[in-house]
1. So D66 fits all but one of (1) outside any helix (DSSP H, G or I); (2) open to solvent by 60 Å² or more (accessible area, probe 1.4 Å); (3) among the acidic types (D, E); (4) within 13 Å of the ligand (Cβ to nearest atom); what number is the exception?
2. Can you name every one of the helices (runs of 4 or more DSSP H) wholly within region 136-207 that holds 3 or more residues which are within 17 Å of P122 (Cα to Cα) and out of contact with any helix residue (DSSP H, G or I) (no Cβ under 7 Å at 6 or more places or on another chain)?
3. For residues that are outside any strand (DSSP E or B) and within 11 Å of the ligand (Cβ to nearest atom), scanning just region 34-48, find the one that is most open to solvent (accessible area, probe 1.4 Å).
4. With L128, L121 as the choices, which residue is among the hydrophobic types (A, V, I, L, M, F, W, C) and in contact with a strand residue (DSSP E or B) (Cβ under 7 Å, 6 or more places away or on another chain)?
5. Here are the criteria: (1) at pLDDT below 95; (2) over 12 Å from G14 (Cα atoms); (3) basic (K, R). Tell me which single one K158 does not satisfy.
6. For region 109-130, how many residues are closer than 25 Å to E43 by Cα and open to solvent by less than 70 Å² (accessible area, probe 1.4 Å)?
7. Being part of a helix (DSSP H, G or I) and among the hydroxyl-bearing types (S, T, Y) is the filter here; which residues of region 69-101 pass it?
8. Of all the residues that make up region 106-116, how many are touching a Ser or Thr at 6+ places or on another chain (Cβ under 9 Å) and more than 13 Å from the ligand (Cβ to nearest atom)?
Amino acid sequence: MKGTLFIISSPSGGGKGTLIREARKGISNLSYSVSYTTREIREGEAQGKNYFFVSVDEFKSLIDKDEFLEYAEVHGNFYGTSKSQVEKEIDAGNDIILEIDVQGAEIVRSKVKGSVNIFILPPSYDVLKSRLLNRKTESASDLKIRLSNAVKEVSEYKKFDFVIVNDDKEIAADELKTVFRGERLRTDRQETRIRDILNSFENAIED
Ligand code: 5GP
């Protein structure tokens, strides 16, 4: 059985990073796709952990080598999902989370059947703005771009299977965990296990 692709999108500052970290706790075989980006590394981020930070030239050469499942220009930088990383996990039967923007989500949906799409919605525009301001990672101009893009991004919510409103962090993380767990209970995801159980019924001969 192949693993499931979980696509998670939200506007910048929507808090998906924290939610994903919390929701993954205690769930096995659920990996995280580390994207490539040309954006500058932020304080507290690490090469190969949050992203693979590369130059524009390196990114272009990865495009030429067909290394991306999808890539997009987001808020003025390039971001791309590693095809080989995703294939490796899915083929090993692991689920994998893609934390990508709405354009990337659209591309993946068109290429991969059966992905599960989750949109993280901030409780309001004002909350999103204050979260972005408080994290102090963006310049004033970058902040403006991210907020104006947020207006477009939230309008895409209907393309997603689940919407989680990130008001109370604990509740939202719990809801995300529910989606991860619920998907694993789908009949087709449990085929092998069910077949073994049913075999035990077939072999049972009662007088
Ligand atoms: P940030 O610069 O705040 O880390 O991310 C900016 C945006 O880029 C976020 O919406 C994030 O989800 C998105 N992003 C991160 N990695 C990828 C990727 O591989 N592909 C696409 N399309 N978007 C990505």
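The values are calculated or read from the model by the stated rules, or taken from the named source; none is laboratory data. Remember, predicted model here, so these are calculated numbers, not experimental data. Note: ideal-geometry Cβ built from the backbone for every residue, glycine included; neighbour counts use all protein chains shown. Note: accessible area is taken over every heavy atom of the protein model, side chains too, but ligands, DNA and RNA are not part of it. Shrake-Rupley method; radii C 1.70, N 1.55, O 1.52, S 1.80 Å.
1. (4)
2. Fully inside region 136-207 and qualifying: 140-154, 169-184.
3. Looking at residues that are outside any strand (DSSP E or B) and within 11 Å of the ligand (Cβ to nearest atom), I get E40.
4. L121
5. It fails just one condition, (1).
6. Total meeting the criteria: 5.
7. Residue satisfying the conditions is S84 alone.
8. Within region 106-116, residues that are touching a Ser or Thr at 6+ places or on another chain (Cβ under 9 Å) and more than 13 Å from the ligand (Cβ to nearest atom) number 3.
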